1. What residue, of Leu56, Leu43, is closer than 22 Å to Tyr176 by Cα and buried (at least 19 other Cβ atoms within 10 Å of the Cβ)?
2. Quick one: would you say Ala90 is more than 19 Å from Ile167 (Cα to Cα), in contact with a Ser or Thr (Cβ under 9 Å, 6 or more places away or on another chain) and buried (at least 16 other Cβ atoms within 10 Å of the Cβ)?
3. Of the residues that sit in the range 114-140 and are under 19 Å from Glu83 (Cβ atoms) and open to solvent by 60 Å² or more (accessible area, probe 1.4 Å), which one is nearest to the chain's Cα centre (by Cα)?
4. Which count do you get for residues in the range 1040-1097 that are more than 60 Å from the chain's Cα centre (by Cα) and assigned to a loop (DSSP other than H, G, I, E, B)?
5. Taking the stated definitions as given, is Arg614 open to solvent by 50 Å² or more (accessible area, probe 1.4 Å) and either on the phi < 0 side of the Ramachandran plot or not acidic (Asp, Glu) (or both)?
6. Kindly indicate the residue of the range 141-160 that is open to solvent by 80 Å² or more (accessible area, probe 1.4 Å) and in a helix (DSSP H, G or I) and also nearest to Lys15 (Cα to Cα) among those meeting that condition.
7. Condition first: at pLDDT 85 or above and over 53 Å from the mean Cα position of the chain (by Cα). Can you find one or more residues in the range 227-244 that meet it?
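The values are calculated or read from the model by the stated rules, or taken from the named source; none is laboratory data. Every value quoted in this text rests on a predicted model; they were computed, and no experiment measured them. In this analysis, Cβ positions are derived from the backbone assuming ideal geometry, glycine residues included, and neighbour counts consider all displayed protein chains. Surface areas here come from the heavy atoms of the whole protein model, side chains and all, with no ligands, DNA or RNA. Shrake-Rupley method; radii C 1.70, N 1.55, O 1.52, S 1.80 Å.
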Amino acid sequence: MSIPPSAQMDEVRKKAHSRLSSSGLAQDVKVEVQTMANIPLSLSEKYRHFGAEAMLRDNTTSRNRPEVLESLNRLVKALSILEKYGCNLASPTRPKYWRSVKHNNPVFRTTVDAVKGGRTVLYLYGYTNQQIDGLSFPDEVTEPDIEKVAAVTLEVMILRTEVDMIIKGTHPHLEYFKDIIPLVIQQDSLSCDAVVIPQSEEQPADQPQVLSSSPKPAQQPKPSTGSPLATQCNLCGGPSSLVCPSCDSQSFCDACDDLFHRHPARATHKRDKIQKSKQETCTICGVSVIHAQCSTCVQKLCHNCDRLFHSHPDRKGHNRTIVTPAKTSSPSLAPWECAHCTTVNEMRAVLCTTCERPRLATAASIVQETPASPNAEWQCKSCTMVNQGSSILCEVCERPRLATRPPVAPVLSSPGSLPDSGTKWTCQFCTYVNTKPTAVCEMCNLSCKDSAGVSLPQSLQQTPTTTKDPQQPGMKPQPKPRVNPELKRQKLMKEEGLSLINHIREAEKRGVSPEEVYAALCMCGGSNVNPCDWLMSELPHLLDEICAMAASVQLNYKERDSGMQITLDRDGQESEQISTTGEGVKLSRAEAKLAWLAAGGDTERAVKQLLRDRQVKMRELHSLGFRDVAQCEEALRQSGGEVKGALSLLQRPLLEPFHQRIWANQPEPPIDPKHPDKQRMCRRLLALYDLPSWGRCELVLSLLQDPGITYTLEDVVQAVKESHDKDFIRRLLNNECPCCLSIFPRSKMQSLTSCQCSVCHECFGQHFTVAVRDKHIRDMVCPVCSEPDINDQEQLDSYFSTLDIQLRDCLEHDVYDLFHKKLTEHALMKDPKFLWCCHCTSGFINDGDHLKVTCPSCRKSFCAQCKKPWEPQHQDLSCEQFQQWKRENDPEYQRQGLAGYLRDNGITCPHCRFQYALTKGGCMHFTCSQCRYQFCSGCNNPYHKTACKTPQCNYTGLHAHHPRDCLFYLRDWEPARLQALLQKSGVEFNTDPSNETQTANCGVMEQKDEGGLQIDSPCGLETRPGQAGLCEKHYREYLVSLINAHSLDPAPLYDAQEVTRACERYQVDTQRGDEDDNAYYTKLLKKLMEVPLGEKVPRNK
C-alpha cells in the first residue's frame, strides 16, 4: 500500500525538524529537504508558516522571461541568506550578535531587503522589534523559539530548492507552478536547437570535452510587420539601429545618425528604431555570444570560456547544452582596424581616430607610401617643420607626429580654380598670405590646388590616387631659391616665438602676467608699441569702455523688456522687486579686466563675459538673502567684483545692532535652557564656548533640561566637547566619589597614575593634606585602594615624581613645603651615613667616624652602631663588650633578667636600621614607623601586598618568604623541642629566673594596637616554672634567638611530614626512587640541609 504524499511529507518534515533544531546545520537535513521538494503537493499544503505562493507572485511580476528568471535568481540568493539566519538561531553556538539584523548590512540590503516577503520570514524568526537601523528581538526575549525557527527555516530551504530546480529546469512537478509563473514554465524557443551533452565516463580526464550539436539549421525569426528590419548602415556599413523615412528609409547606426542629422536641413527628421533580436552574452567575459548552457553550474558560456572553464577536473562531468544562435548578416561588433594606419578604433567609430579615413576605406584606394625608419627625420603635417626622429611632438607647433593637417576654410571661390588677379590667398601648408595670382606659394613653392583641396573637411575628402601635382601648362619654371624656403619659414616662426618670450620676461619684471601680455598683443600686435607700455597707458581707458558698453547693453535690455535680463528672480515677487531699478549696472575695472583677460583681448567677448560673471555673483548674493539689486551692485563695485568683499560690505549694517550690544557695558544674561528662543541660545553657546557644531549646542540645552541635574553649564559644555553620545555624556557627568559618595562630573574628579580610582578634588586635597601633616611619606597612597606598593623602590620613585606635579595645585603652600621636606628625608635615608635619633624622631647625616654621635635636634647622644643611649662606660668598648659589661655589672639590667635581654636584642628595621626595644612575639608582620617598611620581625624579609618577584611564586595577597630557622616557623615548636636542639649543639640556656625578676606576670615590652594606635606596654601574661620568668611565647622567642645567634639548623629534628613540606616550600626535588622510607627521607633531609638558612636573620658576629 503506497503512502499518501501528505503523510510522507509529514514524516520527512518531522525527521528533518528534529535534526535541524538539535544541530542547526543545514547539511544535516540536505537529503530530507530535497525529498520534500520532490513530493507532489500544492504550495498551500507544503508551506504552512508563510505564503510561498504569494512570495513567488510578488517577486515575478515581470512580463518577459529573462526578467522573471533574474527575479528568481535574486529570490534564491535571498532565501539562502534567510536560511543562514535561521540556522544561526537554531544552532547551539549562536553568533555573538544574533539578537539584531542591521539594515545597513550590504548583504542584507542586496538580498533579503531586495525581495518581497523577506522581512515576513524575519518576523517569523522572532525579529519583531522595529528599530531605526534594523530589526531585533524584543528585550524580554532571552532565547529564540527553536522549534518555530527550525520549522520556518525548513520551509525556506524547501522553497529555495524548488525555485533553484525551476531555474535549472529539473523540477519534477512544474504543474503546481504553471499558474504562478507561467513565463518560466513555458519552453523557450532556444531549447528546440539544444543538444544535451551527457557525461562521458570513457572520455580521458586530461582532454577537454568536445561539444557537438545537431546539424539543424538555425531558424530565422520572422520580422514583425510593424517595425523595420535590422540592416547595415548606409554610411559606415556597420549594424544599423535607426531608419529615417524622410531620407528614403535609409538605415544608420547611432554614430552616423548623430553626424548625418546634425545638419540644420535634416535636424527635424523623425527616425524609427529598428527592432533587433537580443542575443545573450557570456556570463564570464560578457562580450561573446553564448555557445553552451551548463545546468550544473547554472551559467551560459561562449565557446572559449566554456572550453577553459570546464577543463578543470572538478567541472569536467557537468552536463551542458549547446545553444545555436540565430545567424545574422550584420558585421562584427568588435573594434575595427584601419586599413591605412592600422589603428584599432572603437566599435562605434565611423572615422579613424589617427588618419580620419572612413571605416570601409580599403588599402587599395590608399596611396602606398614607403614607411620611414622610426629614427629618421619627419616633417610636421601642420607647420612643415623637420623634426628629429626621436621626437614625438613638433618642436614649433607641438602637435603629435601622427597628427593630420588642421582644416582651414577655403579662400578660393571654387575648389581647384586659381585665384583671381589682384586677390590675396592663404597657403594651406605654410599659412603664408600670397598677393600675386600664382599657381604655387611664394614661400613654400607648393601648389595652391593642393591647398584648396586640403582645406575641405577631412571627412568628405577623397584620397588622391597620386601624389604628383599635374604639370601646369604655360608656366615658366621657377629657378631654385638660394635659401631653402622651409628653413626660412621656420626661422621666421622662431624669431616670432623668441620675441613673444622676451615680451613675457620683460612683463614679469614689471609685474605683468603673461595673459595680459597676450591680450595686449592682440590689441596692438600690428604696431611697434610695447605691450607693457600699452597696458599702463591704454588699458584703463579700455576697461572703462568695456564697463560702459556692458552698462549700455544692460540698460537696453531693461528698456526692451519689462523684467531684468539677469535671471535673479525665482518667483514673481522677486522679479518685480528686481525690475524696479532703472539705472545702469555698476561695474568695476577689476571685473572688466578679468573678463577681458578671459576673452583673450576681444572687447565684445569681454563685455559678454563681464555680464555673465556679474549675473553669477548677483545670483549668489541673492541666494544669501540680499534682495536689493542696487546695494548688491554697489557692494560688488566697491569690492572689485569679489563676493566675499561684497558680503562684508552688505553685512556691516546688519551687524551694527549686534556690535552696539556687545560694546555696551551691560552684562549678558545667563544662558537659559528653557528660553523660548532656542536658536539664540545656541548662537550664544557657539560664540562663548567654541562648540564644534550647532547640534552640540542643542545637545547642551537638552542635557540642561534633564530633571534633577546637579552639574553646571560649564560641566555640560566640557563633556559635550569630548563626545556627541548622549548616554556617554551622562556617564561623564554622573560619577560618584568613593570617599564622600557625592556626584561629580568627570572633569571635577582626579586620579593617581598608579591606579584607576577617581575621587573628587576636595577629597583628594584633604586626604593628602592629612597624610603629609600627620602620617609618613609612605602613607601618601590612593585613599581607595592604597596603591602603589611602598616596598617596590622603582615604582615608589616614579610615583612620587608624578605625585609632586599633582599636589602642586591642590595643597596649601605650607603643606606642600612639608611634603617636600619629608620627600627630602626619604631620599636622604638611602645614604649610609644617615642616622635616626633614638631619643627623638629626627634624622641627620653623620660625617664622623666616632661611635658617639649627638642629635642636632634634641642634643642627646647615642651610639652610632648599636643605636643605644650613650653611657660613659661605652667609651673604648665595642657594642658587644658594652652589652656584656652591662649584664655583669649593671644592677638595673640584672634585675630585668631575660626581659632586658630580649629588649636589647629587639627589632631592627632592615631598611632604615632604626631599632625598637620591643620583642618579636605576636604578629610577625612589622611596619617601621620611620620608613613604613613592612618586614618579618623574625627574618627581616619584606612583606609583599601583591605578587612578588620570587620565581614560581603565584601568591598575590599579603605574604613573605621565611627561611626554615625563622621565628615564624619555630614559634610553633614546644620549648622542650627547642631546648633539645640547643642541647644537641651544646648551647647553654636559662630555665630559672633571677631572684630580682621573679614575678607572676611577664614584663617583656611589646607593641600593642589599642584604639587604632600602636602603644608599647608590658606583655602581662602568666609565667610558668622552668621558663626563666617569662611567658611561654616570649620564652620560645628567647630560645629561638639563641638558635639564630648560633646559626643552628632545625632540619635534623624534622619528622617525615615536616621534611616533605619543607622540601615543597623551598622547591627541593622530591622525586622518589625504589628506596625505602628511611632512605628516601634521609635523602630529602640531606637535600633540604643544602638550602642555606636565612641571610637576614640576626646572628652573633
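1. Residue meeting the stated conditions: Leu56.
2. yes
3. Arg119
4. The total comes to 15.
5. When the stated conditions are applied, Arg614 does not pass them.
6. Step by step, filter the range 141-160, then rank; the result is Glu147.
7. Checked the range 227-244: at least one residue is at pLDDT 85 or above and over 53 Å from the mean Cα position of the chain (by Cα).
Results for (1) crowded, with 19+ Cβ neighbours inside 10 Å; (2) hydrophobic (A, V, I, L, M, F, W, C); (3) more than 26 Å from Ala976 (Cβ to Cβ), shown as yes or no for each residue.
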| site | (1), (2), (3) |
| --- | --- |
| His1034 | yes, no, no |
| Tyr1038 | yes, no, no |
| Leu1042 | yes, yes, no |
| Pro1052 | no, no, no |
| Gln1057 | no, no, no |
| Arg1061 | no, no, no |
| Asn1078 | no, no, no |
| Leu1084 | yes, yes, no |
| Glu1090 | no, no, yes |
